[in-house]
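Chemist: Structure in C-alpha cells, see below.
The values are calculated or read from the model by the stated rules, or taken from the named source; none is laboratory data. Not measured: the values here are computed from a predicted model. Positions of Cβ are generated from backbone atoms using ideal geometry, with glycine treated the same way; all protein chains shown enter the neighbour counts. Please note that ligands, DNA and RNA were not included when accessible areas were found on the heavy atoms of the full protein model with its side chains. Shrake-Rupley method; radii C 1.70, N 1.55, O 1.52, S 1.80 Å.
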Amino acid sequence: MIYIEQPPFAPWLGFCEALIGCDTVALYDSVQYTDGGYQNRNTIKTAGGPQLITVPVTRSAGPLIRDIRIAPAFDPDVLLRQIRLAYARSPYVDEALHVLRPVLGAGHAWLVDLNIDLINQIATALGAKARIMLTSEMKIDCEDRTERLAAICSHARETVLWAGSGTRQYLDTTALDAHGVEVIWNEFSDRHPLYRQAWPRQGFLPRMSVIDAVCALGWAGTAALLRTSLDTYLPHAQKGAAA
C-alpha cells in the first residue's frame, strides 16, 4: 500500500499514520511549490491557541518543491524555543525535542532535504517501516494528475493507494483501476484520534503537528495511538469509487 503527498514539515498525525500503515510513502516533490501550504510550516497548540511554526524560504516565481531553498534568516533555536514554551508543561517535550533538534540544526540548505530528514527521524522514532521515495527520482512524464498517480504507484510497484478524503473531488478511481491500482480511502480527518493535549481548557484541537501528540504521549505512546486507530478502521475502510 502506498501513500502519496507533498513532503510536509513536522507533519500531522494523518501523515504519520501512513508511515506506520503503508509499505511506501512517496513524497511528491516534483510539483510546483505554493505559498500557504504545509511544506514549510505546521501548527502547534499554545497558551494563546493554535500557532504556526515556520521555516522561512526564498524562491523565485514558479519553482518546484525540490528547488526551494531555506532562507538564511532561519534560526532553528528560535523555533525550538517556540516549541519548548508552548509545551513546557507537557510530560514528553524533552523526548520530542531530542528528535527535532539535530535535524533542525543540521544546516540543510534545501527545504526538501530538511523535510525528508525530519520525516525519516520521525518514522524511526515511531517504529514505522515505510519505504520513503521521491517522485523527482522517478521517470514520470505524463501530465494528467490521475495518470501521474498511477505512474508513481507503478514505479513503486504498489497496487493499493491509501488516499486522503481531500482527493475525492478529483481522484479518478475508474482510471486508476484500469491501471491495476485499488483505492482505499483513509478518512483520517473524520476519525482523528483523541488524546490529552496541552492547554485542555481550549478543548481538543485536531490537525496539529505530530509534535503536539508526542509532547503529550511520547513517541511510543503516539505510535500506539496511531496503530490502534488504524487497526480499528482498516477492516471497514471504503474502497473504490468515492461516495
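Chemist: Pairs under 7 Å by beta carbon, first residue within 16 Å of Arg101 (Cα to Cα) in region 211-229, partner outside any helix (DSSP H, G or I) and open to solvent by 10 Å² or more (accessible area, probe 1.4 Å), six or more apart or different chains?
Modeler: What qualifies is Asp212/Gln197; Val214/Tyr92; Cys215/Ser90; Cys215/Tyr92; Cys215/Ala198; Gly218/Tyr92.
Chemist: Take the residues in region 175-198 that are among the polar types (S, T, N, Q) and under 30 Å from Gly48 (Cβ atoms); name whichever of them is modelled with the lowest pLDDT.
Modeler: By that ranking, first place goes to Ser189.
Chemist: Right, next: Which one is surrounded by the most Cβ atoms within 10 Å (Cβ to Cβ), of the residues in region 78-94 that are touching a residue at least 12 places away in the same chain (Cβ under 8 Å) and outside any loop (DSSP other than H, G, I, E, B)?
Modeler: Ile83
For every residue, the table says whether it meets (1) surrounded by fewer than 18 Cβ atoms within 10 Å (Cβ to Cβ); (2) modelled with pLDDT under 95.
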residue	(1), (2)
Met138	yes, no
Cys142	yes, yes
Ile152	no, no
Arg157	yes, no
Gly164	no, yes
Pro200	yes, no
Arg207	yes, no
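Chemist: Taking only region 26-66 into account, find how many residues are in a loop (DSSP other than H, G, I, E, B), open to solvent by less than 40 Å² (accessible area, probe 1.4 Å) and either in contact with a Cys (Cβ under 8 Å, 6 or more places away or on another chain) or closer than 29 Å to Val93 by Cα (or both).
Modeler: The total comes to 4.
Chemist: Follow-up question, since we're still on this one. Scan Ile65, Ile70, Ile44, Ile83 and give me the residue that is closer than 27 Å to Ala151 by Cα and touching a helix residue (DSSP H, G or I) at 6+ places or on another chain (Cβ under 7 Å).
Modeler: Going through Ile65, Ile70, Ile44, Ile83 in turn, the sole match is Ile65.
Chemist: Residue by residue through region 2-58, note down the ones that are at positive phi and in contact (Cβ under 8 Å) with a residue 24 or more places away in the chain. Reasoning before the result, please.
Modeler: Of the residues in region 2-58, the ones at positive phi are 10, 36, 49.
Answer for region 2-58, where residues must be at positive phi and in contact (Cβ under 8 Å) with a residue 24 or more places away in the chain: Ala10, Gly49.
Chemist: Tell me, which residue of region 116-131 that is under 15 Å from the mean Cα position of the chain (by Cα) and either among the small types (Gly, Ala, Ser) or within 19 Å of Val181 (Cα to Cα) (or both) is most open to solvent (accessible area, probe 1.4 Å)?
Modeler: The qualifying residue most open to solvent (accessible area, probe 1.4 Å) is Arg131.
Chemist: Checking the condition among the charged types (D, E, K, R) and either over 16 Å from the mean Cα position of the chain (by Cα) or modelled with pLDDT under 95 (or both), which residue from Asp29, Asp77, Asp23, Asp113 passes?
Modeler: Every option except Asp77 fails the conditions.
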